[in-house]
Every structure is written in structure tokens, then in C-alpha cells.
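First comes the structure, then the notes that go with it.
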Amino acid sequence: MRAMVLERPRTPLVMRERPAPEPGSGEILIEVAACGVCRTDLHVVDGELPNPKLPIVPGHEIVGRVAALGAGVAGLAIGERVGVPWLGFTCGVCPYCRSGRENLCDRPLFTGYTRDGGYATRALADARYCFPLPERRDDAEVAPFLCAGLIGWRSYRMAGAGEGTGAEGTGPQALGLYGFGAAAHILAQVAAWQGRRVYAFTRSGDDAAQAFAKSLGAVWAGGSDEMPPEPLDAAIIFAPVGALVPMALKAVKKGGRVVCGGIYMSDIPSFPYRLLWEERQVVSVANLTRAGAREFLTLAPQAGVRSEVTRYPLEAANEALADLREGRLQGAAVLIP
């Protein structure tokens, strides 16, 4: 098998030939058809996340087919199409796992960070953390759902949304999305489908991203240094920029919530207490749960969600990461082995 490998943080990935692994008990071997390039991969490669397994094969938005089954695997078949997300294992016995919060597990494994991921032609995964996928969608278009979609959905639920539509539904009616990348471009479609007013915030002067946001249902798009035309009920920050937290707090109304949707963010600058006062909240999102993933993967086709993707061959993984780092993408990048 071929794999793009990170041998040391802040160095380019290198192509390596490796023997195909054998699935252990409870594992499956996947023939990778597509793997999304997520901003979290960038944080791993750039050394912004601590203690990765090294060398590591990045990638946690994997779509492929089951090539081999390890002992004890039930409910999956050879040739079945599956998706593999960021959360690759939880212990099942810590207080968080036992209280239904496996996303906060004390001893987790993460695909493409602490266990090898999908920047490869084959990948191993714990069968319990894989999701059967329908056949009717292109592999590359599905791949971003496995993290950008899932973490976007969890952030959306943390913002108080997710159920109902429009004025008849629950949760925020005016929703701000800061950083219009892979996650926001998926979530905007869900929120618009549910009748919410989506306000998209991009890098200042990024006319292309703002037009893209409007094409996906945003009622307004502007720079992240601008105020929206109405106070927001909630805001989700996907960009890893701590300075956006006080900006978002300034944009939300009394009782509003600001959700930080990334695994990494630059330091949040100090800000006056008056921006937080009147019961505004700042919360973070960590990882995902399998239940939440199944919920989103069921809803996405109902909402007609589509992902805008740029395809790269596996050997161009460094180019894809550079394009993501420099903001040269609309939607998501996807590697095709």
C-alpha cells in the first residue's frame, strides 16, 4: 500500500510504500476511495496539536470499501461502503463514556492523529466507529461529511439549533458562521433548509467566499470585522482565530451563545466584560459522538446537502494542505488514491 506520512511536525508529508496491514480483532481493513483534507490535519502537520503518534498517516474523513474483516466484526460485509471519522476509539468505561459523552473520553484514539488515517490506499479502523454509507453519492463529495459535516452539526446543536424549521422551530433564527470553509459551507445549507437566517463571515475582502456563501443560502455575507445587519441569536466560529471570539460576542444579542467549533484556536485576546454580560455564553465543541454522527448522516440527504470539493491525487497531499492553509479553496479538498 501507499501512504503519505508525517515523520516530523512542520515538515512535508512523504510518500511511503508499506505492507498492507492485517485487521486485528474488532477491526476492518478499508480500501480507501477518498479522504477529505480537514483543517485539523493541518494543525497536526503544523505541530499545533500535541503528542501525535509519529510517524503518522493523517486523514480522518475516509470513504472506502471493506477489504477485510477482523475477528468478531459483525454488521459489516466485504465490499460494503463505509465512512471513518475523527473519533476512532473510546474506552467505554471512564465517567464520560458511561454518561453518554464519549466525545470527552479520557482514553480516546483519533484517526489520523493517534492512529493512522486515510491519506493512503488502505487504512485500518475499529469497526464500531465506522458508518455504513449509501451508494448514491460520489465518494469525494461524501468525504467532508465525516468531519466538516459532523463537527459542524455538533456545533450547530451546541448553538441551540438542529430541530424544527423557521419561526415554528426551536433555537436561533439568526445564526452567524465565522470562517466559511468546509464545515460552514455544509452547515449553511442545513440551517437555510431549516428556515434560519444565515450570516456568513469571511476574511475581509474575500468576495469569492462571500458570493459562495450566498449561493448556499446565506442572507448576508461580509468580512469578519463587520457587524451583521441584525443582532445574532448565536454564532459559530470555525476559523482558528481567537480574535473572532470578542467580535462574535459583540454581534450576538443578550442571552446569545458563541460556539468555538475548532480543535485549535489562537489565543483569545482580552475583552471588556460588557461583551459577555447579559448572559452571553462562550462554549467549545470537542470531537463527536457516534449518535450525533448517525443523526447528521441521516439528515444530510433530506436537506439536500451537497459539498463543493476540489480533488487532488494522493501524492499531491502537500499541495492540498498548502491550498487549505493559504485559503485558496472554496468548500473542501479531497484526496483520491
- Task: Please give the strands (runs of 3 or more DSSP E) falling wholly within segment 1-54 in which 3 or more residues are in contact with a helix residue (DSSP H, G or I) (Cβ under 7 Å, 6 or more places away or on another chain) and in contact (Cβ under 8 Å) with a residue 24 or more places away in the chain.
- Result: 27-37
- Item | Members of segment 187-206 that are in contact with a helix residue (DSSP H, G or I) (Cβ under 9 Å, 6 or more places away or on another chain), open to solvent by 80 Å² or more (accessible area, probe 1.4 Å) and part of a loop (DSSP other than H, G, I, E, B) | ARG203
- Task: Return yes when ARG10 is over 30 Å from ALA239 (Cβ atoms) and surrounded by fewer than 22 Cβ atoms within 10 Å (Cβ to Cβ) and no when it is not.
- Result: no
- Message: Restricting to segment 57-95, count the residues that are among the hydrophobic types (A, V, I, L, M, F, W, C), within 21 Å of LEU146 (Cα to Cα) and touching a Ser or Thr at 6+ places or on another chain (Cβ under 8 Å).
- Response: 4
- Note on the structure: For segment 289-333 the number of residues that are open to solvent by less than 30 Å² (accessible area, probe 1.4 Å), within 29 Å of ARG2 (Cβ to Cβ) and among the β-branched types (Val, Ile, Thr) is 1
- Item | Restricting segment 68-122 to residues that are over 28 Å from ARG8 (Cα atoms), in a loop (DSSP other than H, G, I, E, B) and of a type in the set (D, E, K, R), the residue that is most open to solvent (accessible area, probe 1.4 Å) | ARG101
- Item | Residues located in segment 123-153, provided they are in a strand (DSSP E or B) and of a type in the set (A, V, I, L, M) | ALA123, LEU124, ALA125
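The values are calculated or read from the model by the stated rules, or taken from the named source; none is laboratory data. In this text, all values refer to a predicted model and were calculated from it rather than measured experimentally. Counting neighbours? That spans all protein chains shown, and the Cβs are built from the backbone with ideal geometry, glycine included. The accessibility values were calculated without ligands, DNA or RNA, using every heavy atom of the protein model including side chains. Shrake-Rupley method; radii C 1.70, N 1.55, O 1.52, S 1.80 Å.
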